[in-house]
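Notes to accompany the following structure.
Rule-based calculations on the coordinates, nothing more; no lab input. Predicted model only: the values in this text are computed from it and were never measured. Note that each Cβ is placed from the backbone with ideal geometry, even for glycine, and that neighbours are counted across all protein chains shown.
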Amino acid sequence: MTKAKGVYLLLIQVNMDIQVDVGALGTVNFEKGLYVYVGSAQNSLEKRIARHFSRGKRKFWHIDYLLDNPAVEISEVFVKEVARQEECKIAKEIGKTNVPVNGFGASDCKCKSHLFKVGDLSFLRNLRVKQLRK
Ligand SMILES: [Zn+2]
């Protein structure tokens, strides 16, 4: 796992309705609920994921702004050791059945979003990701 690279999914719990200033994306409203974020790490998945769990860090990605909010927590992490191109394919797949947060995490690609509000976890069924034990 240490040197693993690939794509990861963060299952994110937003515990109340919040407004978050997401850097260049502007102010975004998040309804209370469950979200999934799709990212990739080409060096170390482990380090990247640990970074997502640390609070009060310098904000670089859109996701850093969301995860810094006290009402927000990561509830589960899933990983898949695949090439970077898979990141956008997975985002598109999730977007077929879930609601995108427009532009979020998608500054460097043509996707509508890499963050989705999800009703349940049925979208995980076809993605062949494995759950990371904490
Ligand atoms: Zn993308």
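Can you tell me which residues in segment 64-81 are of a type in the set (D, E) and over 11 Å from the mean Cα position of the chain (by Cα)?
D68, E73, E81
From the residues in segment 83-97 that are over 11 Å from the mean Cα position of the chain (by Cα) and under 14 Å from V36 (Cβ atoms), which one is farthest from the ligand (Cβ to nearest atom)?
T97
For segment 82-134, what are the residues that are within 20 Å of N15 (Cα to Cα) and either basic (K, R) or touching a Pro at 6+ places or on another chain (Cβ under 8 Å) (or both)?
L115, F116, K117
With the checklist (1) under 24 Å from L132 (Cα atoms); (2) free of Cβ contacts under 8 Å to residues at least 60 places away in the same chain; (3) out of contact with any helix residue (DSSP H, G or I) (no Cβ under 7 Å at 6 or more places or on another chain); (4) not aromatic (F, W, Y) in hand, flag the one item S75 doesn't pass.
Every condition holds for S75 apart from (2).
Under the condition of being among the polar types (S, T, N, Q), surrounded by fewer than 19 Cβ atoms within 10 Å (Cβ to Cβ) and part of a loop (DSSP other than H, G, I, E, B), which residue from segment 98-122 is farthest from the ligand (Cβ to nearest atom)?
Only one residue tops the list, namely N102.
Just a yes or no: is a residue in segment 99-122 among the hydroxyl-bearing types (S, T, Y) and over 15 Å from the mean Cα position of the chain (by Cα)?
Within segment 99-122 (the criterion being among the hydroxyl-bearing types (S, T, Y) and over 15 Å from the mean Cα position of the chain (by Cα)), the answer is yes, since at least one residue qualifies.
Suppose we filter segment 36-63 for residues that are over 10 Å from the mean Cα position of the chain (by Cα), of a type outside the set (A, V, I, L, M, F, W, C) and at negative phi; how many remain?
Step one: list which residues in segment 36-63 are over 10 Å from the mean Cα position of the chain (by Cα), which gives 41-51, 53-61.
Then keep just the ones that are of a type outside the set (A, V, I, L, M, F, W, C); that gives 42-44, 46-48, 51, 54-59.
Subsequent filtering for residues that are at negative phi retains 42-44, 46-48, 51, 54-55, 57-59.
Qualifying residue count, segment 36-63: 12.
Name the pairs whose Cβ atoms lie under 9 Å apart, with the first residue in segment 46-69 and in contact (Cβ under 8 Å) with a residue 40 or more places away in the chain, the second among the acidic types (D, E) and not in a loop (DSSP other than H, G, I, E, B), and 6 or more positions between them or separate chains?
H52/D64; Y65/D21; L67/E73
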